[in-house]
Amino acid sequence: MSTPVLGAERPVSSSSAAPTVVRRTGIQRPPIERFGVAVRTAFLVVGALLFLMPFYLLIRNALANRREIVGLKFTWWPAELQWTNFAEAFSSANDVPMGRAMVNSVIVSVTQTVLTVVLAAMAGYGLARIPFRYSKLISGTVLATLLIPSAVTFVPTFVMVSSLGWVSSLRGLIIPGLFSALAVFLFRQQFSDFPKDLEEAGRIDGLGWFGVFWRVVVPNTGAFFAAVGAITFLGSWNSFLWPLVIGQDPSSWTIQVALSAFTTSQTVDYSQLFAAAVIAVLPVLVLFLALQRFIRQGYESTGSTG
Amino acid sequence: MTSASSVASSSSGGPKPTLQQWYHQYGEEGTKAAVDKYAAAYPDATVKVGWFPGDYDSKLASALLTADAPDVFEAGNGPSIDAIQGGLVEPLDDLLGDTKADFNQALISRMSYQDKLYAIPQVIDMQLLVYRKSLLDAAGVKPPTTFDELAAAAKALTDGDQKGLFVGNDGGVGILTGPTLWSVGADYLTDDDKVGFTDPSVATAFGKLHELFASDSLLVGAPSDWFSADAINTGLTAMQFTGLWTFPDLIKELGDDFGVLPWPKFSADGAGAPSVPIGAYGSAVSAKGKNVDAAKAFVKYLWVDNTADQVDFAQSYGFHFPARESLADQATKLKEGTAAEAVKILQQYSHAQSPLLWTPASATALSDAVTKIIKNGADPASTLAGVVSKVQAELKRVVK
Amino acid sequence: MSAPTVVAPRPARRGTLKQRLLGPQNRNLWFWVFVGPFLVGLAIFVYVPILWSLYLSFFDARNTVTPTDFVGLDNYKFMLTDPAFLSSMGTFLVFAIFIVPVTFAFGLGLALAVNRTRWFQAFFRSAFFLPAACSYVVAALIWKMSIFNGFRSGVANGLLGVFDIDSVKWLSVTTPPWYWLVLVTLRLWLQVGFYMILFLAGLQRIPPILYEAASIDGAKPGWQTFRYITFPQLRATSVAVLVLLLINAFQAFDEFYNILSNFGTYPPYARPPLVYLYYVALGSQQDLGRGSAGAIILAILIGLIIVLQARFTREKKS
């Protein structure tokens, strides 16, 4: 736990402007080295193509017919683009309620993101900045849960949630995942580095504890909120084990569970399955590219908590 | 419609209870619409249908623990022994009355525990071997009657991308365990609830399945698994172990170019016999529901009294066999051609899929062992011996 | 509560208790306003389940969460002698021994290459990072259906076809265990970009002056600078990456379940601990007693690994 939190070390004002230009050694390369540069570039190009290939397959399959997906020969591109796959994947004739699952996923991910960030930011601030006798002890009990991977506790948590009668409900999907010790930890580190004089200035202006937090601290750490929010959203949208366990009734399935059920159902329509998968992935990819900087920054601080 | 009207009365005047009814996903087109229609037609309660693609058994097992358990649900071969002993399901004997004798007795006893019936069989499903007549003729192969003949036929029918036999992408682990046991005269459990597969011939038979898997004549890695007719219809295989429910597809694609067989006995002179596994989803009532009596009344309405819907359910969406003998005559589609032959096989060779006391833990232990034998070529005798103690522990737990 | 706080002044005796409870500037009150909601949730949804699970693990709890049949340590004895559970631990070991170093090497290699390239750096970084946005469910779908299916329509077999090699049934055969190739490449694709980002961040924190000094000392750019400057400077990042990789490998579930499960059954090979527990506790077996015992054993094991890891790093540091 004592490893320095490298991502959070930057001063607040520049944290939203993480350097994107990479420093180079500044040494002119001798001609012999050109060979190395060529090898490296080739490695990168081939690697990038390999890494993008699955996305190409995903889109190709969504526009292909069944025979082109699972036939006996490889198909580069569908002979005829089957745009109807998308409509059919969401039609009610389908046994898997894709539309409903999509709506559930949006509700769950958005709610979970907002609430997780609010709860964790407040707790992180309290632990970092409000002097309290048992603060260390409480931080310890929070951090201890980081040692127990959440996936190991899925049995007991299911037991707990089912005894509350929350199986197959949005409550059951959302609430148990709201208490992220990791997010608290990240916020606590971030707020510990927050300049004290800014807070003091707020206090002189007559703000109370909450006022300082809300009017001074939050507006100055917006980028960090975006980073934690983006990571939480991705994790929530893509999570599978918990929604699988808790979503027993199809009306409470998330998009990941619906896709999984689609694959294991008796009548798999592969074209529709992939069309649904594209719909499940594309919005997140777009969001991901748009917010890439924040997500990277968030991950960087996650990575240095080890 | 006033509050004075009797709540107990099930007449259309009183407030109707709401019932949850669960089905697993049936692959045949139109089944969902059909069960919705049956539910909507019931006058005495509002019935909401739950329809579950994917792993239905797990969902059902964990739902039965919670307050949201479905009032009425179907369960493969009836509720599990743990659900019955845990008091999670209601006995249903009083719903049948005189009609009890009309139901398939093998299934009635499969769904009973200590002389109480816990589910009403809906329709009978059967697995069996289908083959392309023309391909066998062209290769000069006769329909096999022993395992060795089957393996030889599979070899003779293999030609490039077309393989001889398809028994599932797992090499038969999922669907051939029972037929293999019966093919040498063994069984999962003996009649007095002891482990039933300790005879050395069982190991020999499973060893042969590994040889088949290792040969080039068995289809694996097919896009659609054994329960769909795709593999045989698209020419990936000449013979396939599949379900009676694929008949509409088979007839549509192959016309009368297909024949049916039971899984053959292991050898001509052994103790075994040809066999086909049969099973049925049984309709059961949760004991924890808020409207147990209304749920029972609905089950009686749909699966005892309403014979027209039962016939419709059995033969309109894929082929199934009615669970009641008096209805078999009305299932006209089962009276002609290859379907009639399948019915003959069913009457002669059927075995209930697995016994009631064969718990999921026992099933996992045996299927793990069979996977190791078939796929990895593990020594059959010692691998099977490792299962015995696990099954004995389970039997000790559930035999009361 | 009896020890008086040093800083707090002592006004009149009346109201002391209230004031002490609220703290100076109502600090205590505000502490609980900020931290309380989270702590209550953490207690209910993390601590209570863990304790309840501990309780269940001492009972015969089939099909029930309120068992009455106390069995002592029987569930632990059963799990620790259950060959299937032990082999799931073996599966984890095999998986971890492979996936941890390989992901580490690829992540670091990509980071070094991307860091030094002059062309399209942003493009390359995005291309490798993009899979991190994809879910295991969708990736498993693509891997199973379009890359590693048993026919030429799959990319892998299509490629083999170019060289006239017979199609391989990647997911049906166990000798050789090709299914590992499917599982490992999937996880690599999804994870490498994330670790590349961590390494890139680490690389950018290395002061350039170190490289300049090395070049003056005659160190050749390439292996020598990597060996003596880059890699030692990345130590903190490397340790974090290793821990994360190990924990993630322990939690493996999604891709295994989506690639290998088959109608409520799962083959006995490539079955990691979490998949096995899922079938024991929440599958049709519904054995919450043994499932909880297994979960507790896993938690203890992970705790041990992390403690050992921490001790190991501390020793290296001093």
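The values are calculated or read from the model by the stated rules, or taken from the named source; none is laboratory data. Model, not experiment: these values are computed from the prediction. Positions of Cβ are backbone-derived with ideal geometry, glycine not excepted, and every protein chain shown enters the neighbour counts.
Whenever a residue of segment B:51-79 is closer than 19 Å to B:T31 by Cα and hydroxyl-bearing (S, T, Y), its partners that are surrounded by fewer than 21 Cβ atoms within 10 Å (Cβ to Cβ) and modelled with pLDDT under 90, lying with C-beta atoms within less than 8 angstrom and at least six residues away or across chains, give the pairs B:Y56/B:Q25; B:Y56/C:G264. Inside segment C:160-184, residues that are touching a residue at least 24 places away in the same chain (Cβ under 8 Å), β-branched (V, I, T) and under 16 Å from B:K372 (Cα atoms) make up a count of 1. Looking for something closer than 22 Å to C:P131 by Cα, within 14 Å of chain B (Cβ to nearest Cβ) and not basic (K, R) - is there at least one such residue anywhere in segment A:79-100? Within segment A:79-100 (the criterion being closer than 22 Å to C:P131 by Cα, within 14 Å of chain B (Cβ to nearest Cβ) and not basic (K, R)), the answer is no, since none of the residues qualifies. Output the residue which, of all residues in segment C:210-224 that are more than 8 Å from chain A (Cβ to nearest Cβ) and part of a helix (DSSP H, G or I), is nearest to the chain's Cα centre (by Cα). Step by step, filter segment C:210-224, then rank; the result is C:W223. Taken over segment B:350-386, the residue count meeting the criterion of being touching a residue at least 40 places away in the same chain (Cβ under 8 Å), aliphatic (A, V, I, L, M) and either touching a strand residue (DSSP E or B) at 6+ places or on another chain (Cβ under 9 Å) or farther than 30 Å from B:S215 by Cα (or both) is 3. Those helices (runs of 4 or more DSSP H) of segment B:51-168 in which at least 3 residues are surrounded by 16 or more Cβ atoms within 10 Å (Cβ to Cβ) and small (G, A, S), considering only elements entirely within it, cover B:56-63, B:147-157. Can you confirm whether segment B:311-320 contains a residue that is crowded, with 19+ Cβ neighbours inside 10 Å, small (G, A, S) and within 24 Å of the chain's Cα centre (by Cα)? Within segment B:311-320 (the criterion being crowded, with 19+ Cβ neighbours inside 10 Å, small (G, A, S) and within 24 Å of the chain's Cα centre (by Cα)), the answer is yes, since at least one residue qualifies. Could you go through segment B:336-354 and let me know if any residue there is more than 22 Å from B:G27 (Cα to Cα), polar (S, T, N, Q) and over 21 Å from the mean Cα position of the chain (by Cα). Looking for residues that are more than 22 Å from B:G27 (Cα to Cα), polar (S, T, N, Q) and over 21 Å from the mean Cα position of the chain (by Cα), one finds none in segment B:336-354, hence no.
Table: residues versus (1) out of contact with any Phe, Trp or Tyr (no Cβ under 8 Å at 6 or more places or on another chain); (2) among the small types (G, A, S).
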position: A:L115; (1), (2): yes, no
position: A:L119; (1), (2): no, no
position: A:Y134; (1), (2): yes, no
position: A:V155; (1), (2): yes, no
position: A:S192; (1), (2): yes, yes
position: A:E199; (1), (2): yes, no
position: A:V218; (1), (2): no, no
position: A:G222; (1), (2): yes, yes
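Does segment C:105-121 include one or more residues that are under 18 Å from the mean Cα position of the chain (by Cα) and under 24 Å from C:W178 (Cβ atoms)? Looking through segment C:105-121, at least one residue is under 18 Å from the mean Cα position of the chain (by Cα) and under 24 Å from C:W178 (Cβ atoms).
When segment A:101-110 is filtered for residues that are within 14 Å of another protein chain (Cβ to nearest Cβ) and within 16 Å of the chain's Cα centre (by Cα), the ones remaining, listed by number, are A:S105, A:V108, A:S109.
Report whether or not A:R203 is in contact (Cβ under 8 Å) with a residue 60 or more places away in the chain, facing chain C (nearest Cβ under 10 Å) and not hydrophobic (A, V, I, L, M, F, W, C). Against the criterion (in contact (Cβ under 8 Å) with a residue 60 or more places away in the chain, facing chain C (nearest Cβ under 10 Å) and not hydrophobic (A, V, I, L, M, F, W, C)), A:R203 does not qualify. Can we say B:Q347 is in a loop (DSSP other than H, G, I, E, B) and without any contact (Cβ under 8 Å) to a residue 24 or more places away in the chain? Taking the combined requirement at face value, the residue does not satisfy it.
For segment B:363-373, the set of residues classified as of a type outside the set (D, E, K, R) and facing chain C (nearest Cβ under 9 Å) consists of B:A363, B:T364, B:A365, B:S367, B:A369, B:T371, listed by residue number. Of the helices (runs of 4 or more DSSP H) entirely within segment A:154-261, those holding at least 3 residues that are modelled with pLDDT under 85 and of a type outside the set (A, V, I, L, M, F, W, C) occupy A:154-163.
The set of residues in segment A:262-277 that are farther than 13 Å from A:E88 by Cβ and modelled with pLDDT of 75 or more contains only A:A277. Among the criteria (1) surrounded by fewer than 24 Cβ atoms within 10 Å (Cβ to Cβ); (2) farther than 23 Å from B:Q25 by Cα, the one B:G279 does not fulfil is (2). Of the residues making up segment B:51-106, those that are aromatic (F, W, Y) and within 14 Å of chain A (Cβ to nearest Cβ) are B:W51, B:F52, B:Y56, B:F73. For segment A:224-240, the count of residues that are under 23 Å from the mean Cα position of the chain (by Cα), surrounded by fewer than 24 Cβ atoms within 10 Å (Cβ to Cβ), within 14 Å of chain B (Cβ to nearest Cβ) and over 19 Å from B:Q25 (Cα atoms) is nonzero.
A single entry from A:L81, A:L137, A:L63 fulfils the requirement of being farther than 30 Å from C:V243 by Cβ and surrounded by fewer than 18 Cβ atoms within 10 Å (Cβ to Cβ): A:L81. In summary, B:A222 fulfils each of the numbered conditions (1) more than 22 Å from C:T175 (Cβ to Cβ); (2) part of a loop (DSSP other than H, G, I, E, B); (3) among the small types (G, A, S) with the single exception of condition (1).
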